[in-house]
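Chemist: One structure follows; several queries about it will come next.
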Amino acid sequence: MQSVFMTVMSSVRSIPDKAPLLFSERRTPVNHVAQTVIPVAGGLDVHKSFVVAVIKSTSDQGTVNTVKKRFSTFRADLEDLRDWLLQNDCHHVCMESTGKYWIPVYNVLETAMDEVRVCNPKWLSLVKGEKDDNKDAARICDLYRNGMTKSSYIPSKQIRTLRELTRLRQKYVQQRASDHNRLINCLTVNNYKLDMVFSNVRGISASRIIDLILSGESYTDEDILKCVSKRCKASQEDILRACHGLEFDKFQREKLKIIRDHIDELTKEIEKLDQLIAEACEDHKEPIDLLMTIPGVSEISARKIIAELGTEMDQFGKDSRVAKWAGLAPGSDESAGKIHSRHITKGGKHLKPVLIEVAWAAVRSKNPYYRCKFEILSLRLGKKRAIVAIARKVIVSIFHMFSDMKEWHPKDCDDCFVPRGLSVQKESRKLNKTVSTLKAMGMTEHQILKTIAKGFDDSEIKDDAGNSYDSITGEYITA
């Protein structure tokens, strides 16, 4: 054993100090210095209570000068940050979109800087264990100077204000829907089945009955029927059976009153927001009118779309980028030549739901354009994936409408009335299945053909030789 060890050690000693490299590429020096795109640039690491700013500039000799400073997020200190950047001849700034904290910084620097770039934090983050506020700001600055950052879409201040209003309205609508479900649950617990006989528990008839129940006074079946509108489709017997539940105790009654009062308050706040949104959209009447030419787009949906998307399409460049930004384009997850996923991305969390709602409304509208496409796509993809494809078609149409300022009229709009080949094949399969069923029931081919011929004129039915069909005799007449 000792002899083997000595042999190995002697062989190790015999290796020269400068052994030849196995690969010639190792001898070639690699230059990792990135090309500077912006000579003087700033990087901001934004937090709730302070901002760390780093300015890097390249001198004529090629050296990089770095200046750092920390500022508070109060308005006066943010103005000092702006002045400090201008004093150092820095007119290009980059920062992360950290929560809502970047917005006040952006508002102060927007008019003073040539560019204020806001980036997704996932594209700029450092490895854990090698980061602090100064390093984060310096890294943001380096990536920005070298042209290695991707800007997020930040619309104009007017659009941002409209966006805040529409998002707040959406929150209130969701809260009202939650309270509506609580109202139904409260009635269900006490065995009142109003949601089974009325289409809307918040409607006139149901509200009158709930008022009668919460009054605490005794009531009869006649009193209940007086609360019901004549247009109600449910029978009087079903309504009375639905209203004969358990008696509300004091706590359940007060709980139900609180829920109803909260729903009424939210409804009033939503109406106020509708007025504010209408005032904010006065300068966007033409884009709203254009959007409302699309099947399924209402005025409320048009306002939401403008608030999220804006009206200027130059920053996107082409329709595929808009679809990707809205989260309606297939994602890319490929490694080692294998495609792991093509699911749509998580982008457009505010715009995507609006477009999906518009797509469902467009599919069910009187205009058959999107309905025809949906029926064709749903056979191959299923309804859920098909509706996402329709939503993508809607956002692509919006891009071209805003780019050209023209109303909605796709090139193939007139062709959607003509049955596609896939639809013809589907109906042919149905007809063949029906013929097979009739044969199994005992009908002859002559009887089946005679039955089908009743829907046609005799002159329209001809065989391959051009002979006309006589529906009375069930035979072809030689031409």
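Chemist: Going by average Cβ neighbours within 10 Å, how do the peptides 96-108, 434-446 rank, with the highest at the top?
Modeler: Working: 96-108: 16.9, 434-446: 11.2.
Listed from highest to lowest mean packing, they are 96-108, 434-446.
Chemist: Find how many whole Å separate the alpha carbon centroid of segment 111-165 from the alpha carbon centroid of segment 222-289.
Modeler: So the two Cα centres are separated by 45 Å.
Chemist: Let me ask something additional. Would you mind checking LYS56/LYS128; LYS383/LYS411; LYS193/LYS349; LYS255/LYS352 for any pair whose Cα atoms are more than 27 angstrom apart? Mind dumping the intermediate values first?
Modeler: On the way: LYS56/LYS128 24 Å; LYS383/LYS411 24 Å; LYS193/LYS349 36 Å; LYS255/LYS352 36 Å.
Over 27 Å Cα-Cα: LYS193/LYS349; LYS255/LYS352.
Chemist: Give me the net charge for the shell around LYS122: Cβ to Cβ below 13 angstrom, other residues only, Lys and Arg +1, Asp and Glu -1.
Modeler: Numbers: positive: LYS150, LYS346; negative: GLU96.
Residues close to LYS122 contribute a combined charge of +1.
Chemist: Between ALA234 and ASP132, what is the label-point separation in nm under the 7 Å Cα-to-beta-carbon projection?
Modeler: So the label points at ASP132 and ALA234 sit 6.8 nm apart.
Chemist: Put +1 on the Cβ of every Lys and Arg and -1 on every Asp and Glu Cβ in segment 159-280; which of ALA234, THR166, LEU246 then has its Cα farthest towards the positive end of the dipole?
Modeler: So the residue furthest toward the plus end is THR166.
Chemist: Let me ask something else about it. Name the aspartates and glutamates eligible as straight-distance cross-link partners of LYS257: C-alpha to C-alpha under 13 Å, and not fewer than 8 places from it in the same chain.
Modeler: ASP179, ASP211, ASP249, GLU265
Chemist: Give me the net charge of PRO155's neighbourhood, meaning all other residues with Cβ under 10 Å from the Cβ of PRO155; Lys, Arg count +1, Asp, Glu -1.
Modeler: Values: positive: LYS157, ARG160, ARG163; negative: GLU308, GLU312.
So the environment of PRO155 carries a net charge of +1.
Chemist: If you don't mind, there's one more thing I want to ask. Ranked by Cβ crowding within 10 angstrom, fewest neighbours first, how are CYS413, CYS227 ordered?
Modeler: In order of increasing Cβ crowding within 10 Å: CYS413, CYS227.
Chemist: What is the sum of charges, Lys and Arg at +1 and Asp and Glu at -1, for the other residues whose Cβ falls under 15 Å from the Cβ of ARG241?
Modeler: Working: positive: LYS193; negative: ASP195, ASP221, GLU237, ASP238.
Local charge sum for ARG241: -3.
Where a number appears in this text, it was derived from the coordinates with a stated rule and is not lab data. On a predicted model such as this, the values are computed, not experimentally measured, just so you know. For neighbour counting, all protein chains shown are included, and Cβ atoms are generated from backbone atoms with ideal geometry for every residue, glycine included.
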